[in-house]
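Novice: Handing you this structure, nothing more for now.
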Amino acid sequence: MNDRLTAAERVAIARHPQRPNISDYISALFTDFFEQRGDRLMGEDASILGGVALYHGRPVTVIGTRKGKDLEENIHCRFGMPNPEGYRKALRLMRQAEKFRRPVITFIDTGGAYPGLEAEERGQGEAIARNLMEMSRLTVPVIALITGEGNSGGALALAVADRVLMLENAVYAILSPEGFASILWKDAGRSSDACELMKLTAADLKALDVIDEIILEPGGGAHLARAITFRQVDEAISRHLAELSKGKQLGRYQKFRRIGTAVPKKEGQ
Amino acid sequence: MNSIFAKRRARLLAMKSLREHYVPVGSAAVCPRCGKESGHPAVAQNLFVCPLCGYHFPVGAYYRLSITLDHGSFRELYPKLAPQDPLSFPGYRKKLEAAQRKTGLNEAAVSAVGTIDGRRCVVGVLDSRFFLGSMSSAVGEKLTLTIEYAWKNRLPLIVFSASGGARMQEGILSLMQMAKTSAALGRFDQRGLLYISVLTDPTTGGVTASFASLGDVILAEPGALIGFAGPRVIQQTIGETLPEGFQRAEFQMEHGFVDAVVPRNEMRDTLSQLLRLHEKGGPS
Ligand SMILES: [Zn+2]
């Protein structure tokens, strides 16, 4: 438990280079992972990792953003910022999950969709929009876990889920605090001010009903006691998956439909 | 009886659209593209398109409705829906009030039901004078209600987008509106109904990455900037200047994301043709 951290401190923990990543979660929580590559339209995007695996013996589709472990991998994965091919690959795998009646589990840690020239030429906006629409009407259970940073439509494109879970020090926002500060105040240096205003911590988002559950981290952050983190994540995912498999769900449409229809309660009320 | 109401509705819409002076009445309009001056009447008669170079000036939501729907058919939907300040963001309420005073709008989205050449349809319009047409919770809610209205009444839906993207002051709730509107369109789509998305200058950010890109048919006004990331951000990322015409409507058509670039003076006829082509059992 990390009660007293500021939002900016949590952003730093969320970005910690030793923080468990998608590959770590796959090897800790799943067996028999088979990676699937390519969107079948244009290419393969390493910034999204996906495939089929067994989760406690049950076949599931796992998809997540990948930042890479060293500089070479970082560059290859554009630090976890997907191109349209990445989102289209994710959609291809989700459609297969639908076909084979497998639950979908996504892991999200991204600075956002990649703002590049080629990404625009190949329809970054369309790729994200399509995922939002198609994910909203999958009929298999979908669980999304925000493990690090979840920025912008680039994160949301994997997070239209029945259950959205968040690690205690993860952050989820419309864009990075630096981007927010530079848009609002023309000064990216004011990012820690932005962190406090943006309501991007797990506790803020739970209060706003944007996420369903906060998964506690060991003191100082997930990277300091990985085994404990994996156990906590495993417990939460299996509990939600069991509930969803019994048909205990509000329905994904209603879940997102009700966000932003009423003014949420103010803090302390 | 009917015609009295129709006249009243037509007058109301005409009055509302007159308030939308992108191009100030009485003074000359300077075209930002060719830099030349034209008299206000000449520009207004040309649907606010520069008579010299064809530049499409932005127009307000009510004006857009007045040149799209049949005279007197306009009936506004959810006109009272107004933005809140869900995150208690410093200064946001004041800015909203100022925008409301300046534009006469409650929010950046206006919805209506009406007819085009006698065919009923539901039309949503974003107005870039209000917070750059950005996606607030109220904008997302209004568009979702509009989509739901169209499917409950089994009517085709047309949305004119113009947006700078997210409403920063509503943070994550702004982001969630992308999921909400896209999910609503997913249901609309499953009912076999027609959705035409019209992209106008500028359509960027979260609006491009949600409802604007999900049309069965996607049209764009000439020269409109259309993209997910803004040109400045991309330029910073790649460290070189962007090619001429990058992210413009014509570029998006060339790259396969827009069916047709349609000048403003042909838009109504094009929409009418599409409504006719999608009538069940063929046109009557
Ligand atoms: Zn001109």
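Novice: Taking the options A:E121, A:E44, name whichever one is without any contact (Cβ under 8 Å) to a residue 40 or more places away in the chain and open to solvent by 10 Å² or more (accessible area, probe 1.4 Å).
Specialist: None of the other options fit; the residue is A:E121.
Novice: Do we have any residue at all in region B:9-26 that's more than 19 Å from B:I116 (Cβ to Cβ) and within 16 Å of the ligand (Cβ to nearest atom)?
Specialist: Yes, region B:9-26 contains a residue that is more than 19 Å from B:I116 (Cβ to Cβ) and within 16 Å of the ligand (Cβ to nearest atom).
Novice: Inside region B:159-196, can you point out the residues that are surrounded by 24 or more Cβ atoms within 10 Å (Cβ to Cβ) and closer than 23 Å to B:Y22 by Cα?
Specialist: Once the filter is applied, which keeps residues that are surrounded by 24 or more Cβ atoms within 10 Å (Cβ to Cβ) and closer than 23 Å to B:Y22 by Cα, region B:159-196 yields B:V159, B:F160, B:S161, B:A162, B:S163, B:G165, B:A166, B:R167.
Novice: Residue under question is B:A162, and the condition is that it be touching a strand residue (DSSP E or B) at 6+ places or on another chain (Cβ under 6 Å) and among the hydrophobic types (A, V, I, L, M, F, W, C); does it hold?
Specialist: On the way: touching a strand residue (DSSP E or B) at 6+ places or on another chain (Cβ under 6 Å): yes; among the hydrophobic types (A, V, I, L, M, F, W, C): yes.
The answer is yes for B:A162.
Novice: Here are the criteria: (1) buried (at least 24 other Cβ atoms within 10 Å of the Cβ); (2) away from chain B (no Cβ under 11 Å); (3) in a loop (DSSP other than H, G, I, E, B). Tell me which single one A:T139 does not satisfy.
Specialist: (1)
Novice: Of everything in region B:203-218, what is at negative phi and either small (G, A, S) or crowded, with 24+ Cβ neighbours inside 10 Å (or both)? Give them in sequence order.
Specialist: Correct list: B:T203, B:T204, B:G206, B:V207, B:T208, B:A209, B:S210, B:F211, B:A212, B:S213, B:G215.
Novice: Continuing with this model, one more query. Just name the residue that is surrounded by the most Cβ atoms within 10 Å (Cβ to Cβ) out of those in region B:221-240 that are at the interface with chain A (Cβ under 10 Å from one of its Cβ atoms) and assigned to a loop (DSSP other than H, G, I, E, B).
Specialist: B:F228
Novice: Six or more apart or on different chains, Cβ atoms under 8 Å: show the pairs whose first residue is in region B:159-186 and more than 7 Å from chain A (Cβ to nearest Cβ) and whose second is open to solvent by 10 Å² or more (accessible area, probe 1.4 Å) and of a type in the set (D, E).
Specialist: B:A162/B:D201; B:Q169/B:D85; B:A184/B:E148
Novice: So which pairs qualify, if the first residue must be in region B:241-259 and at positive phi and more than 10 Å from chain A (Cβ to nearest Cβ), the second must be open to solvent by 10 Å² or more (accessible area, probe 1.4 Å) and outside any loop (DSSP other than H, G, I, E, B), the Cβ gap must be under 7 Å, and the two must be at least 6 apart or on different chains?
Specialist: Pairs that qualify, where the first residue is at positive phi and more than 10 Å from chain A (Cβ to nearest Cβ) and the partner is open to solvent by 10 Å² or more (accessible area, probe 1.4 Å) and outside any loop (DSSP other than H, G, I, E, B), are B:G245/B:F251.
Novice: Continuing with this model, one more query. Quick one: in region B:51-105, of everything that is closer than 19 Å to B:R129 by Cβ and within 16 Å of the ligand (Cβ to nearest atom), which residue is surrounded by the most Cβ atoms within 10 Å (Cβ to Cβ)?
Specialist: B:V59
Novice: Turning to a different aspect of this structure: Taking the condition out of contact with any Gly (no Cβ under 8 Å at 6 or more places or on another chain) and either under 30 Å from B:R120 (Cα atoms) or open to solvent by less than 10 Å² (accessible area, probe 1.4 Å) (or both), does B:T200 pass?
Specialist: On the way: out of contact with any Gly (no Cβ under 8 Å at 6 or more places or on another chain): yes; either under 30 Å from B:R120 (Cα atoms) or open to solvent by less than 10 Å² (accessible area, probe 1.4 Å) (or both): yes.
Answer is yes for this residue.
Novice: Continuing with the same structure: Tell me which residues, restricted to region B:230-274, are among the small types (G, A, S) and modelled with pLDDT of 95 or more.
Specialist: Within region B:230-274, B:G245, B:A249, B:G256, B:A260, B:S272 meet the criteria.
Novice: May I pose another question? Test of understanding: among A:A113, A:A161, A:A129, which residue is of a type in the set (G, A, S) and more than 7 Å from every other protein chain (Cβ to nearest Cβ)?
Specialist: A:A161
Novice: While we're on this one: Does region B:81-99 contain at least one residue that is more than 14 Å from every other protein chain (Cβ to nearest Cβ) and closer than 23 Å to B:G114 by Cβ?
Specialist: Looking through region B:81-99, none of the residues is more than 14 Å from every other protein chain (Cβ to nearest Cβ) and closer than 23 Å to B:G114 by Cβ.
Novice: If you don't mind, another one. What's the number of the condition B:S213 fails, among (1) within 17 Å of the chain's Cα centre (by Cα); (2) more than 8 Å from chain A (Cβ to nearest Cβ); (3) under 24 Å from A:R257 (Cβ atoms)?
Specialist: (2) is the only condition that B:S213 fails.
Quick grid of which residues meet (1) without any contact (Cβ under 8 Å) to a residue 60 or more places away in the chain; (2) open to solvent by 10 Å² or more (accessible area, probe 1.4 Å):
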position	(1), (2)
A:R78	yes, yes
A:P84	yes, no
A:K89	yes, no
A:I105	no, no
A:Y114	no, yes
A:G125	yes, no
A:E134	yes, yes
A:V160	no, no
A:V164	yes, no
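Novice: Here's another thing I want to ask about it. Quick test for you: out of A:K69, A:K89, pick the one residue that is among the basic types (K, R) and within 20 Å of A:A14 (Cβ to Cβ).
Specialist: A:K69
Novice: Quick one: would you say B:A6 is more than 30 Å from B:I172 (Cβ to Cβ), open to solvent by less than 70 Å² (accessible area, probe 1.4 Å), touching a residue at least 12 places away in the same chain (Cβ under 8 Å) and within 16 Å of the ligand (Cβ to nearest atom)?
Specialist: Spelling it out, it is not the case that B:A6 is more than 30 Å from B:I172 (Cβ to Cβ), open to solvent by less than 70 Å² (accessible area, probe 1.4 Å), touching a residue at least 12 places away in the same chain (Cβ under 8 Å) and within 16 Å of the ligand (Cβ to nearest atom).
Novice: What is the number of the single condition among (1) within 15 Å of A:A12 (Cα to Cα); (2) more than 10 Å from chain B (Cβ to nearest Cβ); (3) not small (G, A, S) that A:D187 does not meet?
Specialist: (1)
Novice: Anything in region A:240-256 that is assigned to a helix (DSSP H, G or I) and surrounded by 13 or more Cβ atoms within 10 Å (Cβ to Cβ)? List them, or say none.
Specialist: A:H240, A:L241, A:E243, A:L244, A:S245, A:R252, A:Y253, A:K255, A:F256
Novice: Working only within region B:27-46, note down all residues that are in a loop (DSSP other than H, G, I, E, B) and either within 9 Å of the ligand (Cβ to nearest atom) or in contact with a Phe, Trp or Tyr (Cβ under 9 Å, 6 or more places away or on another chain) (or both).
Specialist: Within region B:27-46, B:C31, B:P32, B:R33, B:C34, B:G35, B:K36 qualify.
The values are calculated or read from the model by the stated rules, or taken from the named source; none is laboratory data. Note that the structure is predicted; figures quoted are calculated from it, not measured. Note: ideal-geometry Cβ built from the backbone for every residue, glycine included; neighbour counts use all protein chains shown. Areas reflect the complete protein model, heavy atoms only, side chains present, ligands, DNA and RNA absent. Shrake-Rupley method; radii C 1.70, N 1.55, O 1.52, S 1.80 Å.
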